[in-house]
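*Asks:* Got a structure for you, written out below as structure tokens; questions coming shortly.
The values are calculated or read from the model by the stated rules, or taken from the named source; none is laboratory data. This is a predicted model, so every value here is computed, not measured. A quick note on method: Cβ atoms are made from the backbone with ideal geometry, for glycine too, and the neighbour counts reach across all protein chains shown.
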Amino acid sequence: MSEKLHPISVEVNGVACSGMVSARLSLVDWLREELRLTGTHVGCEHGICGACSVMFDGEPLRSCLVFAVQANGHRITTVEGLARPDGSLSVLQDSFCQTHALQCGYCTPGMLIAAQGLLEANADPTEAQIREAIGGNLCRCTGYQQIVDAVRLAATRLSEGAK
Amino acid sequence: MTMAEHPAPGGFRYIGTKRRTKEDPRFVAGRGRYAADIALPGMKHVALVASPYPSARIVSIRAEAAFALPGVRYVLTGEEFCAATDSLTIGVDAPKVTRYALAKDVVRYAGEWVAAVVADTRALAEDAAELVEVDYEPLPYIIEAERALESGSPLVHPAHGSNLLYRRRFVWGPVEKAFAESDRRIEFRAKWGRSSTVPIETFAVAAQWHPAEQLLDVWASIQMPKFPDQAARALRLPGNAVRVHYDVDVGGSYGVKRGIKHTVLVGYLARRLGVPVRLIEDRLENMRGGDMHGPDRYFDVQAAFDTDGTIHAMKIRALDDVGAYAGRSPLQLGKPIGAICGPYRIAAIEYEPISVMTHKTPQEAVRGFGQSPTNFAIERAVDRIARALGMDRIEVRRRNFIDKSQFPYTIPSGSTYDSGDYHAVLDKALAAIDYPALVRERDDARAAGKLAGIGISTCLEPSGGNTAFEPLFNPKNETTTWMDSCLVRIDLSGSITGIMGTSSSGQGHETMVATVVGEVLERDPAGIRVIHADSLNALPSNSPVGSRMAIMLGGAAAGAAKKIKQALIAIAAHNFECAVEDLEYREGNVSLKGAPSKTLTWDQLVEIAHRKFHRMPAGLEPGLQAKFVWEVPTGGGLPTPDGRIQMYPCYAFEAHIVLVEIDPDTGKAVIRKYVCGHDCGVMINPDIVHGMTCGGIAHGIGAALYEKFAYTEDGQLASGTFMDYLIPSAMEVPAIAIVDHCTPSPLTTFGQKGSGEAGYLGAPAAIGNAVNDALEPLGVSIEETPMKPFALWERIRAARGDNGKR
């Protein structure tokens, strides 16, 4: 039962990546196993926990629910691509460190993607809006409090930086 | 920066101050290193064939079709595996309750692994697993613990002779006398539903056998004491033939990441096939076959008390369903003995733990090791006592609290509580939430036709994880130490490295070790590196269980650092030809008192230790390193014949206050306000403590309202995905305010207590009390977790007798 392979070409973290994939290969498995971008995590593989979230053409998306072939021709940002060009942490990542918005780190990449998506759409979110934006990402360590604090802090810092 | 300019709480330089953690940067950058990230050249992948029956005889297994699939390397069944490996160890004395990763002859729960398929990719292995044909002959099964004890019930392990794993009736103090002489008595049953910690990372393990070296390398997402020893024993290998890499980041555990059966299976396959092998559970596998369910418990509670609210005695019968196999799970009935009367002066206690097997997924250690369910039962009792007397619930608690002047305080079951100020913490929490305003808010909601209730719980978090319940529950087991260790090295450049001997699952141990070593040596923790040794070059550790690492690893790290400091002072004394008492240590430099010009700097002292043996005092080893192995404070004792023993050394305290509203039409409970007063002594890193406490509360909200491993009548797990096992999100968990209080422990290096289980130990009790307060005007109650909307709606409907419509 040799599987037919399909060519794909995807922009991942600003780099053009191409590969031959089977139709049933999920995007997250391609990112993790083929590109070795292991920052994106697999939690439930059925679209609930959000740990596998990546930016897909600028919008957060669950990479366990999408096939790699569906990413052909699209633009993806994983957690490894959130840092600044010089490799230093982004304001959002740094804010997560400042409020200790994580413990085991497993949900963190998905949380960062969800928060990034929010801040790109809404520069000054309320606590309720932050909770809603990360409401599809499960965290078992933090009780969400310090994550909400981090996103708020990042919004404040980004708006101050923009002035 | 000097200490005088920036005094930290308690006069510490680094401890207790706002400091970023050492771990966070790698995680936010996506550079964690989890077991599922391990990729070895030529690695093969495992998929499992699981039993669809709760109880059945395996008639035959045919794997030809699976083998025929290109890329399939092996199909392993219990026949081969059980002959080639030894049974996993069990916490109580029940040698016939054997346990292997793969079933042989019979299956004992739906989801039990029957065969393991190894293939070139995980997807291929899963394809092949579906082609393995297993013929079963279904057998009778039992999934209800009380009925499992009845004669004639199907036996989970017939060789054991019954479904009872452990039962003992402890009586500490004059229980019957108190029940005879007290003014009043209450009696009720509480049920703690089967839930667990359910980390977002499932269990993963990779293993590689090196035949030339006869060595098995293991990378696993573990949090388990004695893990390498148990894996080696089951694989019939010497302990030094298994090397567990503790530098693997663990994606959450909170107790359950034991994975010993997974590891023995993968270790066996790696050796048998001569290739690296990796197993990553998928979510369903994790939920039904990962063996990580939590306590599933009935409490029959009786209390005897006077009309003034004084509680004299309690009787607690706890019947726990551990599922089809038992590792340490029966011991989860033992740990709560260390705080069996909660924070109260209750002079006499009867406790009857009963551990029962059924045809369900096995139970594993869950955050608090049985303490949260027990606290739920105790706190429901206190609320019911107040209600029976028409007294205020806060007043009943205050009246029965151990007073701060009474510490150290020995409870009837033999544990001595180290320190505390329960009245002060409760008062702080009441002030923080503005209790009178909270009562008005509840009453206003009620006046508007809503169901609203306030819940309070005041609970203990025993910490410093010892294992005294092992000899208590198994006289053949004389384990009386549960040590932890740290090695601290100063290299030639003068930089400091701390080496710990276990893995971490989010607790921030690298930060903690760096902070305490920096504190002792007065060197900036930012420059201190902390690494996780592998099991062959690690000092002994019993892993981060039982809220122990701040106490045990923190104490060991401080002890090692103090030895380094003493060595530096000894080197200076030798060079200045003076007594050590004449010297002063400041920020790593050692000076003659009153003569600051006579100083040997950190760099100079390190240089002497590493290069200039001619300037070293006699008897001091060259180089600069120190190990410290610490026994649990108060540890070392065996139980008395009547079962009294010091369980854990330190006792943190938490007071939860919560406002809950229930929609009378849907039964949905919503948390409106949440405050937690918390006293875990000296906090080493407040951000870490607060984060774990909030996380524990969220986990407790899940256990109280949402999470349940539900079983159908035909023995099938009905909640094996996140569609039906509901984990609270940021929408269900409210903003949580934590109010700190500090009563230092007299038993620990800096006055710290444990906090890893904080929040979870009191949240379900507080929410249960709030829900019942909300239901009280209707004259109904609920004594069962989780308090799901349907259960609440049924009670509301019954109370109104009108199909739920207002």
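*Asks:* Got a sec? Which of A:99, A:77 is among the hydroxyl-bearing types (Ser, Thr, Tyr) and within 28 Å of residue B:503 (Cα to Cα)?
*Replies:* Only one candidate qualifies: A:99.
*Asks:* For region B:57-77, which residues satisfy the criterion of being farther than 15 Å from residue B:133 by Cβ and either at pLDDT below 95 or in a loop (DSSP other than H, G, I, E, B) (or both)?
*Replies:* Scanning region B:57-77 gives B:70, B:71.
*Asks:* Restricting to region B:316-364, name every residue that is crowded, with 24+ Cβ neighbours inside 10 Å, in a strand (DSSP E or B) and among the hydrophobic types (A, V, I, L, M, F, W, C).
*Replies:* B:318, B:322, B:356, B:357, listed by residue number.
*Asks:* Anything in region B:171-204 that is assigned to a strand (DSSP E or B) and surrounded by fewer than 20 Cβ atoms within 10 Å (Cβ to Cβ)? List them, or say none.
*Replies:* Hits for region B:171-204 are B:171, B:184, B:185, B:186, B:187, B:188, B:189, B:191.
*Asks:* Then there is this: Looking only at residues in region B:512-534 that are crowded, with 24+ Cβ neighbours inside 10 Å and within 14 Å of chain A (Cβ to nearest Cβ), which one is nearest to residue B:566 (Cα to Cα)?
*Replies:* Here the answer is B:515.
*Asks:* Sticking with this structure for a sec: Is it true that some residue in region B:745-755 is among the β-branched types (Val, Ile, Thr), farther than 15 Å from residue B:668 by Cα and in contact (Cβ under 8 Å) with a residue 12 or more places away in the chain?
*Replies:* Yes, the conditions are met somewhere in region B:745-755.
*Asks:* Assess whether residue A:42 counts as being within 8 Å of chain B (Cβ to nearest Cβ) and either closer than 21 Å to residue A:57 by Cα or of a type outside the set (Asp, Glu) (or both).
*Replies:* So residue A:42 passes the test.
*Asks:* Quick check on residue B:56: is it buried (at least 23 other Cβ atoms within 10 Å of the Cβ), aliphatic (A, V, I, L, M), within 11 Å of another protein chain (Cβ to nearest Cβ) and in contact (Cβ under 8 Å) with a residue 24 or more places away in the chain?
*Replies:* No.
*Asks:* For region B:250-260, indicate whether the set of residues that are outside any loop (DSSP other than H, G, I, E, B), of a type in the set (A, V, I, L, M) and farther than 30 Å from residue B:171 by Cα is non-empty.
*Replies:* Yes; the residues of region B:250-260 include at least one that is outside any loop (DSSP other than H, G, I, E, B), of a type in the set (A, V, I, L, M) and farther than 30 Å from residue B:171 by Cα.
*Asks:* Being within 13 Å of chain A (Cβ to nearest Cβ), out of contact with any Asp or Glu (no Cβ under 9 Å at 6 or more places or on another chain) and either closer than 22 Å to residue B:21 by Cα or part of a strand (DSSP E or B) (or both) is true for just one of B:688, B:671. Which residue is that?
*Replies:* B:688
*Asks:* Quick one: would you say residue B:665 is of a type in the set (D, E, K, R) and within 19 Å of the chain's Cα centre (by Cα)?
*Replies:* Criteria not met by residue B:665.
*Asks:* Tally up the residues in region B:397-418 that are touching a helix residue (DSSP H, G or I) at 6+ places or on another chain (Cβ under 8 Å) and part of a helix (DSSP H, G or I), please.
*Replies:* 4
*Asks:* Just give me the residues in region B:86-136 being β-branched (Val, Ile, Thr) and not in a strand (DSSP E or B), in sequence order.
*Replies:* Narrowing region B:86-136 to residues β-branched (Val, Ile, Thr): B:89-90, B:92, B:97-98, B:106-107, B:114, B:117-118, B:121, B:132, B:134.
Residues satisfying the conditions are B:89, B:90, B:92, B:97, B:98, B:121, B:132.
*Asks:* Identify, please: which residue in region B:385-405 is among the acidic types (Asp, Glu) and under 15 Å from residue B:425 (Cα atoms) and is, among those, nearest to the chain's Cα centre (by Cα)?
*Replies:* That would be B:403.
*Asks:* Determine which single condition residue B:759 fails, assuming it passes every other condition in (1) on the phi < 0 side of the Ramachandran plot; (2) under 22 Å from the mean Cα position of the chain (by Cα).
*Replies:* (1)
*Asks:* Turning to a different aspect of this structure: Please go through region B:131-148 and pick out each residue that is under 23 Å from residue B:194 (Cβ atoms), touching a strand residue (DSSP E or B) at 6+ places or on another chain (Cβ under 8 Å) and buried (at least 18 other Cβ atoms within 10 Å of the Cβ).
*Replies:* B:143, B:145, B:148
*Asks:* Of the conditions (1) in contact with a strand residue (DSSP E or B) (Cβ under 9 Å, 6 or more places away or on another chain); (2) modelled with pLDDT under 95, residue A:77 satisfies every one except a single condition; which number is it?
*Replies:* (2)
*Asks:* Condition test on residue B:190, is it in contact (Cβ under 8 Å) with a residue 24 or more places away in the chain, touching a Pro at 6+ places or on another chain (Cβ under 9 Å), more than 14 Å from chain A (Cβ to nearest Cβ) and of a type outside the set (D, E, K, R)?
*Replies:* So residue B:190 fits the description; yes.
*Asks:* If I ask for residues that are among the β-branched types (Val, Ile, Thr), in contact (Cβ under 8 Å) with a residue 24 or more places away in the chain and more than 22 Å from residue B:122 (Cα to Cα), which ones from region B:18-40 would you list?
*Replies:* B:21
*Asks:* Within region B:33-46, can one find any residue that is away from every other protein chain (no Cβ under 14 Å), closer than 25 Å to residue B:250 by Cα and either surrounded by fewer than 16 Cβ atoms within 10 Å (Cβ to Cβ) or modelled with pLDDT of 95 or more (or both)?
*Replies:* The first filter runs over region B:33-46 and keeps only residues away from every other protein chain (no Cβ under 14 Å), leaving B:42, B:46.
Subsequent filtering for residues that are closer than 25 Å to residue B:250 by Cα retains B:42, B:46.
Retained after the next criterion (residues that are either surrounded by fewer than 16 Cβ atoms within 10 Å (Cβ to Cβ) or modelled with pLDDT of 95 or more (or both)): B:42, B:46.
Checked against the condition, which is being away from every other protein chain (no Cβ under 14 Å), closer than 25 Å to residue B:250 by Cα and either surrounded by fewer than 16 Cβ atoms within 10 Å (Cβ to Cβ) or modelled with pLDDT of 95 or more (or both), region B:33-46 yields at least one hit.
*Asks:* A further question on this structure: List the helices (runs of 4 or more DSSP H) that sit entirely inside region A:51-163 and contain at least 2 residues that are surrounded by 24 or more Cβ atoms within 10 Å (Cβ to Cβ) and facing chain B (nearest Cβ under 9 Å).
*Replies:* A:91-99, A:108-121, A:145-162
*Asks:* Residues that are at positive phi, surrounded by 21 or more Cβ atoms within 10 Å (Cβ to Cβ) and among the charged types (D, E, K, R): does region B:287-300 have at least one?
*Replies:* yes
*Asks:* Looking at (1) buried (at least 17 other Cβ atoms within 10 Å of the Cβ); (2) closer than 30 Å to residue B:521 by Cα, which one does residue B:481 not meet, given that it meets all the others?
*Replies:* Going through (1) buried (at least 17 other Cβ atoms within 10 Å of the Cβ); (2) closer than 30 Å to residue B:521 by Cα one by one, residue B:481 breaks only (1).
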